[in-house]
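*Asks:* Below you will find the structure I want to go over with you.
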Ligand code: AP5
Ligand code: MG
């Protein structure tokens, strides 16, 4: 099963994608996580991506597409995957479709986790992310057992550099301009499913598993 998660920054794509990956035994592939891992390791890709991410802009398609196509060609993707944060532009979606068509394959579901902008800014300020394993928490909704420490690996939890309110506003406007058109793109392909992302995260997950079966 090949699934795409759509939704504004902070809508809960990552939260839901992790649960989907676990339930269906497929890898969770987040381009944002791949960039952050490269930033942490100080690779040339990380250095280039950081400049865009810290400003709330998208990393250019040429860089992003190559990374994604390399990742989905790996062995663990044979039975499918859940993409979180890719595609984010129409050209990215077209490249993915072309690559899949060449393999006689296609995307099965594009799930839009729908959350209005006013809820987003509040959510982002409360998010904390693990510097080591990428697990995410929320100081109100999903607090770690010990403040500032990851339950899973014991590392430090941080506020992401791009979660400052002014950068979140920029990411939202980039989302509306460049990513939201994908909703129409996947509607036309008859694979778009929308879920209400404002409800409790387990209820969002229930709505998604009702769709995926
Ligand atoms: P990326 O890492 O993908 O960030 P994003 O899309 O901005 O989304 P987030 O990760 O911020 O939010 P999310 O939807 O995953 O929400 P989460 O589950 O954490 O990308 C970062 C940057 O990388 C981009 O800005 C861009 O520069 C670059 N990039 C990445 N991919 C790219 C691409 N394809 N092309 C070009 N550039 C690219 O949830 C958010 C918070 O809310 C958490 O604290 C969570 O605990 C909480 N929460 C979740 N669900 C609920 C709920 N139902 N109720 C209450 N709280 C909830
Ligand atoms: Mg995410």
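Where a number appears in this text, it was derived from the coordinates with a stated rule and is not lab data. As the structure is a prediction and not an experimental result, all values here were calculated from the model. Glycine also receives a Cβ, built like all others from the backbone with ideal geometry; neighbour counts cover every protein chain displayed.
*Asks:* Using a Gaussian network model on the chain with a 10 Å cutoff between Cα atoms, which of 42, 85, 56 fluctuates the most?
*Replies:* It is 42.
*Asks:* When a/c is below 1.5 the answer is rounded, else prolate if a/b is larger than b/c, else oblate, so apply that to segment 74-185 with a ≥ b ≥ c taken from the square roots of the Cα gyration tensor eigenvalues.
*Replies:* In terms of gyration-tensor shape, oblate.
*Asks:* Using Cα-Cα distances under 8 Å and only pairs 6 or more residues apart, what relative contact order does segment 26-87 have, in percent?
*Replies:* Across segment 26-87, relative contact order equals 55 percent.
*Asks:* Mind checking which of 49, 17, 135 has the largest fluctuation in a GNM of the chain, springs on alpha carbons under 10 Å?
*Replies:* Of 49, 17, 135, the Gaussian network model singles out 135 as fluctuating most.
*Asks:* Quick one: 124, 202, fewest Cβ neighbours within 10 Å first, how do they rank?
*Replies:* 202, 124
*Asks:* Shape call for segment 128-213 from the C-alpha gyration tensor, a ≥ b ≥ c root eigenvalues: rounded (a/c under 1.5), prolate (a/b greater than b/c) or oblate?
*Replies:* Oblate, since a/c reaches 1.5 and b/c is not below a/b.
*Asks:* With a/c under 1.5 counting as rounded, go ahead and sort the chain into rounded, prolate or oblate using the C-alpha gyration tensor (a ≥ b ≥ c being the square roots of the eigenvalues; past the cut-off, prolate if a/b is larger than b/c, else oblate).
*Replies:* Rounded is the answer for the chain, as its axis ratio a/c remains below 1.5.
*Asks:* What residue among 120, 111, 158 shows peak mean-square fluctuation when the chain is described by a Gaussian network model with Cα springs under 10 Å?
*Replies:* Checking each option, the largest mean-square fluctuation is seen for 158.
*Asks:* Here's another thing I want to ask about it. Mean shadow of segment 12-60, computed from the convex hull of its alpha carbons, in nm²?
*Replies:* Over every viewing direction, the Cα hull of segment 12-60 projects on average to 4.0 nm².
*Asks:* Next question, about the same structure. Remind me, relative contact order of the chain in percent, using alpha carbon pairs under 8 angstrom and six or more residues apart?
*Replies:* 30 percent.
*Asks:* Among bridges DSSP assigns within the chain, what percent are antiparallel (round to 5)?
*Replies:* The antiparallel proportion sits near 30 percent.
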